[in-house]
1. Quick one: which of K82, K89, K38, K51 is more than 13 Å from A125 (Cβ to Cβ) and within 14 Å of the chain's Cα centre (by Cα)?
2. Looking only at segment 120-148, count how many residues are assigned to a loop (DSSP other than H, G, I, E, B), without any contact (Cβ under 8 Å) to a residue 24 or more places away in the chain and farther than 20 Å from C55 by Cβ.
3. Exactly one of (1) under 12 Å from the mean Cα position of the chain (by Cα); (2) modelled with pLDDT of 95 or more; (3) surrounded by 19 or more Cβ atoms within 10 Å (Cβ to Cβ) is unmet by G111. Its number?
4. Return yes when L118 is crowded, with 20+ Cβ neighbours inside 10 Å and within 15 Å of Y134 (Cα to Cα) and no when it is not.
5. Among the residues in segment 57-80, are any within 25 Å of Q150 (Cβ to Cβ) and basic (K, R)?
6. Check segment 38-59 and report whether any residue there is part of a strand (DSSP E or B), without any contact (Cβ under 8 Å) to a residue 40 or more places away in the chain, more than 20 Å from K159 (Cα to Cα) and of a type in the set (A, V, I, L, M, F, W, C).
7. Taking the criterion of being more than 22 Å from K159 (Cα to Cα) and either without any contact (Cβ under 8 Å) to a residue 40 or more places away in the chain or crowded, with 20+ Cβ neighbours inside 10 Å (or both), would at least one residue in segment 93-100 satisfy it?
Amino acid sequence: MKAFYRIVTLLISMNTVNSNSQTLQTVPYVDLEKFGGKWYEIASFPQRFQKGCTCTTAEYTVTDKGFVIVENRCNRDSVNGKQSYIKGKAFVVENSGNAKLEVQFFWPFKGKYWIIDLAEDYSYAVVGHPNKKYLWILSRTPIMKDNIYQQLISKIKEKGFDITKIKLTTQIHTAL
């Protein structure tokens, strides 16, 4: 029950927008079919609902009903820890070029999920919230090249996010 209340509190706070929020720009267009699939969390602003998470991934599946299925997984407390899982839906915000989504894990609460940077080949993405309190750096692989990561950190800082809050996510390192 505690987990439910934490997620509800998170979703309510994700809908709170500060006066600086209108300046956050998304990418102009996202091809949801290309965006679909598995993503590895490289780094994020730590959130209560992710406490103790390692090996965090997100998988997006576009449906024929006009929404995206969101499946988040992580291992608790270690790379070999018990897997935690949550499934939700993401709805595209009209006239956003598919770059603004509203994610819902528990009805009726939705959180803003804005794609603010995206590789041309969809190999990485940066997702944030207009209040700049939520941020995720995602990659198609569990390891991101340092020069790309540093470029993203610079862009994130330019967008007004507090980069001192970014924490690297532990991933199982596999040969690429």
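1. Working: K82 fails: within 14 Å of the chain's Cα centre (by Cα); K38 fails: more than 13 Å from A125 (Cβ to Cβ); K51 fails: within 14 Å of the chain's Cα centre (by Cα).
From the options K82, K89, K38, K51, the qualifying one is K89.
2. Qualifying residue count, segment 120-148: 2.
3. Every listed condition holds for G111 apart from (2).
4. no
5. Checked segment 57-80: no residue is within 25 Å of Q150 (Cβ to Cβ) and basic (K, R).
6. So in segment 38-59, the residues part of a strand (DSSP E or B) come out as 38-44, 53-59.
Those left that are additionally without any contact (Cβ under 8 Å) to a residue 40 or more places away in the chain: 57, 59.
Still in the list and also more than 20 Å from K159 (Cα to Cα): 57, 59.
Still in the running and of a type in the set (A, V, I, L, M, F, W, C): none.
The answer is no, given that none of the residues of segment 38-59 is part of a strand (DSSP E or B), without any contact (Cβ under 8 Å) to a residue 40 or more places away in the chain, more than 20 Å from K159 (Cα to Cα) and of a type in the set (A, V, I, L, M, F, W, C).
7. Here is the first cut: in segment 93-100, the ones more than 22 Å from K159 (Cα to Cα) are 94.
Then keep just the ones that are either without any contact (Cβ under 8 Å) to a residue 40 or more places away in the chain or crowded, with 20+ Cβ neighbours inside 10 Å (or both); that gives 94.
Scanning segment 93-100, I find at least one residue that is more than 22 Å from K159 (Cα to Cα) and either without any contact (Cβ under 8 Å) to a residue 40 or more places away in the chain or crowded, with 20+ Cβ neighbours inside 10 Å (or both), so the answer is yes.
This table checks each residue for (1) touching an Asp or Glu at 6+ places or on another chain (Cβ under 7 Å); (2) among the aliphatic types (A, V, I, L, M); (3) within 23 Å of G160 (Cα to Cα).
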position	(1), (2), (3)
V92	no, yes, no
S96	no, no, yes
E102	no, no, yes
W114	no, no, yes
A119	no, yes, yes
Y134	no, no, yes
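The values are calculated or read from the model by the stated rules, or taken from the named source; none is laboratory data. Predicted model only: the values in this text are computed from it and were never measured. With ideal geometry, Cβ positions are generated from the backbone for all residues, glycine too; neighbour counts draw on all protein chains shown.
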